[in-house]
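Q: Before I ask anything, let me first share the structure, which is written out below as structure tokens.
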Amino acid sequence: MPLKPNSTAHNSTTKMISIEELLEEFKHLADWEERCDFLIDLGFELPAMPDSEKTEANRVHGCQSMVWLTTDLKQVGDQKVLEINADSDALIVKGLIAVLLAIYNSKTPEEVLNIDVEQYFSELQLDKYLSSQRKNGLFGMVERVQQEAKTLSGQT
């Protein structure tokens, strides 16, 4: 079943943290507990996802928690960039969504497909501290974003 842009409402006025800011912030956090608390705080800053978008079609499967994710293409200047909206019923997962947004949001579909996400996860030590179930869910979200980028760029 082909994926299509499926988001109808976004709060694009919310400025999320950039991946560069996130990497810099993590350098100053002493241990995983502080990083986990910071991730949870980031999750509270996620733009709200309307309940109408929390559908089975938007659900990311493979996640331990409930996760919903939508994408759309947004015209910015002379290029179209991915606009991602996501939510979860788990606080830590909301923080991981904020990480994904920092990495992928406002990038062209081609840029999304060329990002070495595992390098970012390694720098943030997510690969080291997340449980295998959380890692599987995180990579499920990554796969979903990459699939949507392929679809939106016409590569599928």
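The values are calculated or read from the model by the stated rules, or taken from the named source; none is laboratory data. Small disclaimer: the values here were computed from a predicted structure and weren't measured. For neighbour counting, all protein chains shown are included, and Cβ atoms are generated from backbone atoms with ideal geometry for every residue, glycine included. With ligands, DNA and RNA removed, areas are computed over all heavy atoms of the protein, side chains included. Shrake-Rupley method; radii C 1.70, N 1.55, O 1.52, S 1.80 Å.
Q: Mind ranking PHE139, PHE44, PHE121 by accessible surface for me, highest first, 1.4 Å probe? Let's see the in-between values first.
A: Values: PHE139 65, PHE44 135, PHE121 5 Å².
From most exposed to least exposed: PHE44, PHE139, PHE121.
Q: Given R₀ = 22 Å, what would the calculated FRET efficiency be for GLU20 paired with GLN155, taking r from the Cβ atoms and rounding to 0.05? List each step's numbers first, then the result.
A: Details: r = 27 Å, r/R0 = 1.24.
Computed FRET efficiency for GLU20 and GLN155 comes out at 0.20.
Q: Counting only Cα atoms, I'd like the Rg/Rh figure for the range 77-156, Kirkwood definition for Rh.
A: 0.98
Q: Next up: Using only the heavy atoms of the protein chains and a 1.4 Å probe, how would THR70, THR55 rank by accessible area, largest first?
A: Numbers: THR70 0, THR55 50 Å².
Largest to smallest exposure gives the sequence THR55, THR70.
Q: I'd like the carbon and sulfur percentage of the solvent accessible area for the chain, probe radius 1.4 Å, heavy atoms only, ligands and nucleic acids excluded.
A: Working: 3870 of 8190 Å².
About 47 percent, which is the carbon plus sulfur part of the accessible surface.
Q: Name the residue from GLY43, MET16, MET141 whose Cα lies farthest towards the positive end of the charge dipole of the chain, charges +1 on Cβ of Lys and Arg and -1 on Cβ of Asp and Glu.
A: Highest projection toward the positive end goes to MET141.
Q: Which of these values of log10 I(q)/I(0) by the Debye sum over Cα atoms at q = 0.09, 0.21 Å⁻¹ was calculated from the structure shown: (1) -0.34, -1.48; (2) -0.26, -1.54; (3) -0.29, -1.28?
A: Recomputing log10 I(q)/I(0) by the Debye sum over Cα atoms at q = 0.09, 0.21 Å⁻¹ here gives the entry labelled (2).
Q: Using alpha-carbon positions, what is the distance between the centroids of the range 58-120 and the range 25-40, in Å?
A: Spelled out, the Cα-based centre of one part sits 21 Å from the other.
Q: Ignoring ligands and nucleic acids, what accessible area does HIS61 show with a 1.4 Å probe (Å², nearest 10)?
A: Rounded to the nearest 10, the figure is 110 Å².
Q: About the Cα centre, and with charges only on the beta carbon of Lys, Arg (+1) and Asp, Glu (-1), how big is the dipole of the chain? Nearest 20 debye, please.
A: On the way: 15 positive and 26 negative charges, 109 e Å.
The dipole magnitude comes to about 520 debye.
Q: How would SER106, SER18 rank on accessible area, largest to smallest, probe 1.4 Å?
A: SER106, SER18
Q: For LEU91, tell me the accessible area in Å² from a 1.4 Å probe, rounded to the nearest 10.
A: The value for LEU91 is about 90 Å².
Q: Net charge near SER65: determine it from the other residues with C-beta under 10 Å of the C-beta of SER65, scoring Lys and Arg +1 and Asp and Glu -1. Display every interim value, and only then the final one.
A: Working: positive: LYS94, ARG134; negative: ASP89.
Taking every other residue near SER65 into account, the sum is +1.
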